[in-house]
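Asks: Take a look at the following structure, please.
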Amino acid sequence: MADYTKMWQDLGLDIESHEALLSVLGKAYADIFLVQKNRPEGMKYFDFVMSEVHGLRIKEIMDAKAQGRIVVGSYCTFVPEELVLAVDGVAVGLCAGAEFGFEAAETLLPRNTCSLIKSVFGFKLGRVCPYLESCDIVVGENTCDGKKKAYEILAPLVKDFYVMDMPQVKSEMGRKLLREEYRKFMAKLEMESGKEITPASLKRGIEIVNEKRKAMLRLNALRAADPTPISGLDALLINQVFFHDDPVRFTDSVNKICDELEIRVKDHTGVAPKGTTRLIVSGCPMAVPNWKVPMLIESSNAVIVGEESCVGERSTRWLTDVKGSTIDEMLDAIVDRYFNIDCAIFTPNPSRVNHVKEMVKDLHANGVIHYSLQFCQPYIIESNPVEKELEKSHIPTLRLETDYSQEDTGQLKTRIEAFVERLKKR
Ligand code: SF4
Ligand code: SF4
């Protein structure tokens, strides 16, 4: 990687802490990803993106800012990239996945806050995230209680923190609220960027994001093959890069790897032998560099064939209808698309478990690992009925609750191995 110290200094990063973080991440990446056998050639692009995730990509973002484009960061898949692209902005995901700066975070938050929220604070207080520091607007959404209350504390620490309200029920009123919030967000984007959203610019935004999602749907479908042509770790990585990369280049790179995977499927080439135990992981999002559980699963004689998560199918399924020609019609189509998202903040939330069942069937999975972050009430509480419903449908399910530390890896590994053994005996 070139020397980006000056750029990081200009962004106000704590250079020493940032270097320490990058060196831990670089080592973890090499130990987890680069040691995998028989990886598709197309993963080289994603390895490169990861090696430059705080370097070249940030430089591109800074260049975009210098050309007058705004940078909009968000923590949730409910924030539509289509709208940001409609003002020629750059959308970046900020969901933090590392155990960094938790001590500092706990001076502002209760200890029993989920790791994801603590990580958001750790990154901000420790000044180690160049994405967060390059944002012109940071969007917080009133989803779970943890996030919405934590945002009250985060807001004064961030230059322009914008809160989007969110429905909690899939009702006509809920849909109206989401539409109104997206409408207000459009006005905010227009004001900050000084650019008007036109039918043409909105259509372009929708088309770019649709193409990105289509490429991901293609990738997901290819994982139905046995042997599976790509590891769950690599597929998760692509899902993580989804939130950071330039959308058009990302789409091209995913389509390229899909071309390669199609050949692998035809040739019956896979990353694990045919008949390896196949699992779906369902639950909380796994933001970069949260790779612990997938790494444990794939080193236990199993392969992950799908992610029912916001860093997974909850973000990539459903396209936005492009038939509309007015802004109102297109906004309706965007609301229709996003209102499908079956996050556990919704009550009730039956479509989520139905989707897990569909994934098990379509991807020929043998079982489901339900993944919750400790103290995440929505997903932990929902994990009980999800497990019951899956087991009722004869889908073996293992519920895991963990955090970002490495302390429980031994215990998790034992439970995962026992689960895989149980599936093999069926
Ligand atoms: S799990 Fe819910 S709150 Fe978290 S990113 Fe997904 S939609 Fe947003
Ligand atoms: S993991 Fe759970 S508690 Fe944490 S931010 Fe996401 S929904 Fe909220």
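Asks: Would you call Ile280 at pLDDT 95 or above, closer than 30 Å to Arg57 by Cα, crowded, with 24+ Cβ neighbours inside 10 Å and β-branched (Val, Ile, Thr)?
Replies: Taking the combined requirement at face value, the residue does not satisfy it.
Asks: Name every residue in segment 386-401 that is away from ligand 1 (no atom under 16 Å from the Cβ) and assigned to a helix (DSSP H, G or I), in order of residue number.
Replies: Glu387, Lys388, Glu389, Leu390, Glu391, Lys392
Asks: For segment 25-55, name all the residues that are aliphatic (A, V, I, L, M) and free of Cβ contacts under 8 Å to residues at least 24 places away in the same chain.
Replies: Ala30, Leu34, Val35
Asks: Which numbered condition in (1) more than 14 Å from ligand 1 (Cβ to nearest atom); (2) in a helix (DSSP H, G or I); (3) hydroxyl-bearing (Ser, Thr, Tyr) is the only one that Tyr404 fails?
Replies: That leaves (2) as the condition not met.
Asks: Continuing with this model, one more query. Please work out if Arg352 is assigned by TED's automatic domain parsing to the domain that holds Arg223, modelled with pLDDT of 95 or more, of a type in the set (Lys, Arg) and more than 13 Å from ligand 1 (Cβ to nearest atom).
Replies: no
Condition check ((1) surrounded by 16 or more Cβ atoms within 10 Å (Cβ to Cβ); (2) within 15 Å of ligand 1 (Cβ to nearest atom); (3) in contact (Cβ under 8 Å) with a residue 40 or more places away in the chain) across all residues:
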site: Thr320; (1), (2), (3): yes, no, yes
site: Asp328; (1), (2), (3): no, no, no
site: Asn340; (1), (2), (3): no, yes, no
site: Phe346; (1), (2), (3): yes, yes, yes
site: Asn384; (1), (2), (3): no, no, no
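Asks: Ok, one more. Could you say which residue among Ala200, Ala187, Ala155, Ala150 is touching a Phe, Trp or Tyr at 6+ places or on another chain (Cβ under 6 Å) and either part of a helix (DSSP H, G or I) or away from ligand 2 (no atom under 16 Å from the Cβ) (or both)?
Replies: On the way: Ala200 fails: touching a Phe, Trp or Tyr at 6+ places or on another chain (Cβ under 6 Å); Ala187 fails: touching a Phe, Trp or Tyr at 6+ places or on another chain (Cβ under 6 Å); Ala150 fails: touching a Phe, Trp or Tyr at 6+ places or on another chain (Cβ under 6 Å).
Just a single option satisfies the conditions, and that option is Ala155.
Asks: Of all residues in segment 134-164, which are without any contact (Cβ under 8 Å) to a residue 40 or more places away in the chain and touching a strand residue (DSSP E or B) at 6+ places or on another chain (Cβ under 8 Å)?
Replies: Scanning segment 134-164 gives Asn142, Lys148, Tyr151, Leu154, Ala155, Val158, Lys159, Asp160, Phe161, Tyr162, Val163.
Asks: Could you pull out every one of the helices (runs of 4 or more DSSP H) wholly within segment 57-133 that has 1 or more residues that are without any contact (Cβ under 8 Å) to a residue 12 or more places away in the chain and more than 16 Å from ligand 1 (Cβ to nearest atom)?
Replies: 102-105
Asks: Can you confirm whether Ile137 is touching a Gly at 6+ places or on another chain (Cβ under 8 Å) and farther than 27 Å from Tyr371 by Cα?
Replies: Yes.
Asks: Output the residues belonging to segment 39-82 that are β-branched (Val, Ile, Thr) and touching a Ser or Thr at 6+ places or on another chain (Cβ under 6 Å).
Replies: Pass one, segment 39-82, residues β-branched (Val, Ile, Thr): 49, 53, 58, 61, 70-72, 77, 79.
Matches in segment 39-82: Ile61, Ile70, Val71, Thr77.
Asks: Asn366 fails exactly one of the following numbered conditions: (1) of a type in the set (S, T, N, Q); (2) more than 16 Å from ligand 1 (Cβ to nearest atom); (3) surrounded by 23 or more Cβ atoms within 10 Å (Cβ to Cβ). What is the number of that condition?
Replies: The single condition Asn366 does not satisfy is (3).
Asks: Among the listed residues Lys159, Lys149, which satisfies the condition of being basic (Lys, Arg), within 14 Å of ligand 1 (Cβ to nearest atom) and either closer than 24 Å to Asp245 by Cβ or modelled with pLDDT of 95 or more (or both)?
Replies: None of the others qualify; the one that does is Lys149.
Asks: Residues in segment 113-128: is at least one closer than 30 Å to Glu329 by Cα, modelled with pLDDT of 95 or more and under 17 Å from the mean Cα position of the chain (by Cα)? Walk me through how you get there before you give the answer.
Replies: Within segment 113-128, the subset closer than 30 Å to Glu329 by Cα is none.
Within segment 113-128 (the criterion being closer than 30 Å to Glu329 by Cα, modelled with pLDDT of 95 or more and under 17 Å from the mean Cα position of the chain (by Cα)), the answer is no, since none of the residues qualifies.
Table: residues versus (1) surrounded by fewer than 17 Cβ atoms within 10 Å (Cβ to Cβ); (2) within 14 Å of ligand 2 (Cβ to nearest atom).
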position: Cys129; (1), (2): no, no
position: Ser134; (1), (2): no, no
position: Gly140; (1), (2): no, yes
position: Thr143; (1), (2): no, yes
position: Lys159; (1), (2): yes, no
position: Asp165; (1), (2): yes, no
position: Met173; (1), (2): yes, no
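Asks: It is to be established whether one or more residues within segment 99-106 are crowded, with 21+ Cβ neighbours inside 10 Å and under 15 Å from Leu25 (Cβ atoms).
Replies: Taking every residue of segment 99-106 in turn, at least one turns out to be crowded, with 21+ Cβ neighbours inside 10 Å and under 15 Å from Leu25 (Cβ atoms).
The values are calculated or read from the model by the stated rules, or taken from the named source; none is laboratory data. The structure displayed is predicted, hence computed values, not measured ones. Every residue, glycine as well, gets a Cβ built from its backbone with ideal geometry; the counts of neighbours run over all protein chains shown.
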